[in-house]
Structure formats: structure tokens, C-alpha cells
Amino acid sequence: MQRYTILVADDEATQREALAGFLQKNGYEVKTAASGLQALSIIQQNAIDLLLTDMRMPEMDGAALLTETKKLNPEIDVIVMTAFGSIETAIAAIKNGAIDFITKPVDLEQLTIAIKKALERKQLASDNRRLRELVNERLSFKGIIAGEAMSRALSIAARVAPSTATTLITGESGTGKELIAKAIHLASPRADRAFVAVNMAALSENLVESELFGHEKGAYTGATQQRQGRFVLADGGTLFIDEVGDIPLTMQVKLLRVLQEHQIERIGSASPIEVDVRVIAATNRSLEEMVAAATFRQDLYYRLNVVKIDIPPLRERKGDIPLLVDFFIRTYAEANGKRISGVTREAMDRLMKHPYPGNVRELENIIEQAVVLARGTVIGVDDLPMTLQYQARGAEEDESSGTFAQRVQAFEKALIREALQRADGVQTKAAAALGMSERHLRYKLQKYGLKERSLG
């Protein structure tokens, strides 16, 4: 886990050492400076994540230090401290690049929140840089692997990206809705700002409002400190609301108000906060049917559905499968240090015929597993999961037809075959993998007429 380095610049020794001790106890690496010039020297020679500086110091004051720090490395966040608390001083510092200010005597709780917020934004910026590099490398609109069926979706995404229009992305789970949302963000004027994602399906109803809008300290039992909501974290950037159809009705009107007025209110506060956020929503549900059933607000639906992008399931764009297979093989072979040149004709046939209820995510998982387990340089049918291997065994053993007993037997035979193949025919290992005794395995082999020599 990364340990952040904070530089405390203050000419008052008692204050400087007290702040340094407090920050060290909170797990930060701390450096101190008694003047602006000393602080600047430390910044020149060390990697600093955050500068906490007094505004009044000898030789070089906090304002000059702020300016010089930003010239050296704009990525260093700066929080200024002032004993005067004048709004003019704070505004000037913020305009010159400081991210926050606190007044002396320093409230340690306020300081903790300010630092946490600064480092949270730094992490988001870092994540977005990595994301941008990833997208530029392989996930931009040009890099997204797509055949004819995806062309229309990508065309709409590319055209909507430069705008501020709220966008609704629909499609089954695993089709790549978040990938398209990230590509839109990175092709937009907001690309250098935060991309923040939140999944409504992962939140309990009582947490949705706090997650989206934040809360004040003491707003409810357990709210021990102020929390920044996702809208504030995404200010200036893009907020991706996944599974938007899972937002409770009671929260839908509040989300609608934010989209209309561009203001949020934290729980426990009556003070509105202006936010500049581009919203991209996604769902695998039919919002039209939910509107008809009165489980989703019609006005919110229209507000979200300014531009709609529908992502087709993989089974409707099977022409993309060979391209995706090749891409995932290269990705995971490199990640695992293996030399895999492709798949056999038979393996590709199995991959093309699979219905992919999990869509692209399922295909990616299949290929990752095959790359890891492959013994040779080409992925064969035997390297694929049992569900795909079984398609090659013949209709006489089809577990999807016949009586219940016949289907269970067919499934058992396929499991035993796979276990023995993975164990190189060693029955002791296969039995252990299946969770049965070797004697029981031999009984099953005899019952189903399976012989080791027939398993290759």
C-alpha cells in the first residue's frame, strides 16, 4: 500500500512539530521545513504528495512557495494555513492552485478531512491517468474490438463524447457498458478530470443517498465525519451510474433534481453545493417497462435518456469472437509470461457455438483460464472449460436432453473426463480433485465404460 509523503512548512517550531507528530501517527511519511526556501529545497530533492504550508513565513511566504511548488510539479497538492482566516487570502491561494485552506489554530479533525479529500482526489487522478493510458493503448473507440453489429453503438458514442449530454447505455451484463462509458469520458473535454463509477445494485437502499451526495458529521448514527459523495468527487468530470434501474423510487426524485439544478445537498446540511458533472447511466433492465409499471419515474427516464446507446450481446455479434479471442490471448499470454499463438480449429468452433450468457466478460474469463492452463503453444478443446469441451463429445451424451438420470450421468462423465485430463490420467489426483475416493472413481470409470486410454 502506498505511503503518502506530506511536507509541513511552518516557521513556528511548536506548531510544526505538533502537526508532524499527528500526521506520523496517522500513517503518513512527514518532512518538515522552517521556512519557504527550506521547503522549496526539500520539494526539489524529494517526492512530495502534499504540501501543508503556513501563509506567513520568513524569506519566502506561503503564496510564493505555492507558486514555485506548482512550477516544479503541478501534481503536488497544496493546503494553506493562515492565522488570519481572511476570505481574500483563501481565494487568492485557491486561484493559484491550492486545493483547500484551514485556519489557525488548526482543527485536527478538519485537517484530517482536508488531507483525506486531497489524497482521494490524487488517487482518482492517478487512476484516470492509468485508465487513459489503457484506453489509448487498446480501449479507445478505434481500439474497441467491434464488428458490424457494434458499429452503430460506437458511432453514437463517438458523436456524443464531445457534448455534455446525459447518456443512457443499455445492454446485458458483461457487454461492456462501463468500457463504453470510459471511452466516452476519455474522448470528451473532461478527459483530464475524474471518472467516478458507482453501482446502484451494490448498495443497500439506506446507503444510496450518502454514497451519491455525501453526509455531514453527525447527520445520523455512525456518521462520525463528513463524507464526500460521488457527485462531489466527480465535479468537473464524469459520473457513471451503473444499474441505474436499481435506484429506489424515493431517491429518484432527488437524482432528478440534481440533473435539473446541478446542485446537491449533503445529508444533514441545508446548504446546496454546485456541481459540474456529466452523467452517464447504464442498465441491463428495460426502463421503459419499469416506467409502465410505475417503478421508475418517467421524468427521470427522459432526463437520463437524452442519448441512448444500446450494446448488443455477444451472441448477436459472433463475428467479433475471433478478434476478441486473439486480443485476450495476447493480453493474458503476456501477463502470464506464456507463448500462446492461437487456438485450434476445433477449439474456435466450440467458442463460436457457445451462447455466452455472460457476454464478453464470460469469453474473457474463458480465454484467461485457457491461457493459464494450456500445456502447449496452441489452445485446444481440452484447454477450454468443461461446458465447452462437452459440446465436442457428441449428441449421444448431450446433458441437455434425455431423462433426468441420463442427463446427470452425462454430466458426471464429462466431469470425470476433465478431472483425468487435468491430472494427466493419474487417478489418485483426479479423485482428489473430484472430492471422492480413488475406489469410488474406479467404480464410476467401470460404470460408465471409461478407460484412461480413451480420454486423450
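The values are calculated or read from the model by the stated rules, or taken from the named source; none is laboratory data. Quantities reported herein were computed from a predicted structural model and do not represent experimental measurements. Glycine also receives a Cβ, built like all others from the backbone with ideal geometry; neighbour counts cover every protein chain displayed.
Scan region 360-368 and give yes if some residue there is assigned to a loop (DSSP other than H, G, I, E, B), among the polar types (S, T, N, Q) and over 15 Å from residue 313 (Cβ atoms), otherwise no. Checking region 360-368: not a single residue is assigned to a loop (DSSP other than H, G, I, E, B), among the polar types (S, T, N, Q) and over 15 Å from residue 313 (Cβ atoms).
Among the conditions (1) more than 30 Å from residue 348 (Cα to Cα); (2) exposed (fewer than 14 other Cβ atoms within 10 Å of the Cβ); (3) over 21 Å from the mean Cα position of the chain (by Cα), residue 258 misses just one, which is (2).
Any residue at all in region 189-197 that's within 29 Å of residue 292 (Cα to Cα), of a type outside the set (Gly, Ala, Ser) and in contact with a helix residue (DSSP H, G or I) (Cβ under 6 Å, 6 or more places away or on another chain)? No, region 189-197 has no match at all. Scan region 249-264 and tell me whether some residue there is in contact (Cβ under 8 Å) with a residue 60 or more places away in the chain, touching a strand residue (DSSP E or B) at 6+ places or on another chain (Cβ under 6 Å) and either of a type outside the set (Gly, Ala, Ser) or not assigned by TED's automatic domain parsing to the domain that holds residue 99 (or both). No, region 249-264 contains no residue that is in contact (Cβ under 8 Å) with a residue 60 or more places away in the chain, touching a strand residue (DSSP E or B) at 6+ places or on another chain (Cβ under 6 Å) and either of a type outside the set (Gly, Ala, Ser) or not assigned by TED's automatic domain parsing to the domain that holds residue 99 (or both). Can you go through 350, 442, 407, 453 and tell me which one is surrounded by fewer than 16 Cβ atoms within 10 Å (Cβ to Cβ) and either modelled with pLDDT of 80 or more or outside any helix (DSSP H, G or I) (or both)? Only one candidate passes the filter, namely 442. Return yes when residue 90 is of a type in the set (A, V, I, L, M, F, W, C), without any contact (Cβ under 8 Å) to a residue 60 or more places away in the chain and closer than 20 Å to residue 111 by Cβ and no when it is not. Against the criterion (of a type in the set (A, V, I, L, M, F, W, C), without any contact (Cβ under 8 Å) to a residue 60 or more places away in the chain and closer than 20 Å to residue 111 by Cβ), residue 90 qualifies. Each residue in region 243-271 was checked for being touching a helix residue (DSSP H, G or I) at 6+ places or on another chain (Cβ under 8 Å) and in a loop (DSSP other than H, G, I, E, B), and 5 of them qualify.
For (1) free of Cβ contacts under 8 Å to residues at least 40 places away in the same chain; (2) within 20 Å of residue 178 (Cβ to Cβ); (3) outside the structural domain of residue 154 (by TED's automatic domain parsing), each residue gets a yes or a no:
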{"site": "293", "(1), (2), (3)": "yes, no, no"}
{"site": "296", "(1), (2), (3)": "no, no, no"}
{"site": "299", "(1), (2), (3)": "no, no, no"}
{"site": "321", "(1), (2), (3)": "no, no, yes"}
{"site": "336", "(1), (2), (3)": "yes, no, yes"}
{"site": "345", "(1), (2), (3)": "yes, no, yes"}
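Considering (1) at pLDDT 90 or above; (2) crowded, with 21+ Cβ neighbours inside 10 Å; (3) under 18 Å from the mean Cα position of the chain (by Cα), the lone condition that residue 186 does not fulfil carries the number (1).
Number of residues in region 206-231 that are of a type in the set (Phe, Trp, Tyr) and over 26 Å from the mean Cα position of the chain (by Cα): the value is 1. For region 158-216, a residue qualifies if it is closer than 16 Å to residue 305 by Cβ, among the hydrophobic types (A, V, I, L, M, F, W, C) and part of a helix (DSSP H, G or I), and the qualifying residues are 160, 180, 181, 184. With respect to the stated conditions, residue 371 is crowded, with 20+ Cβ neighbours inside 10 Å, modelled with pLDDT of 75 or more and of a type in the set (Val, Ile, Thr).
Scanning region 43-58 for residues that are closer than 17 Å to residue 77 by Cβ and crowded, with 16+ Cβ neighbours inside 10 Å yields 43, 48, 49, 50, 51, 52, 53, 54, 55. Can you give me the number of residues within region 292-319 that are farther than 17 Å from residue 241 by Cβ, part of a helix (DSSP H, G or I) and over 24 Å from the mean Cα position of the chain (by Cα)? Final tally of qualifying residues: 6. Could we say that residue 414 is at pLDDT below 80 and part of a helix (DSSP H, G or I) here? Judged against the criteria, residue 414 is a match.
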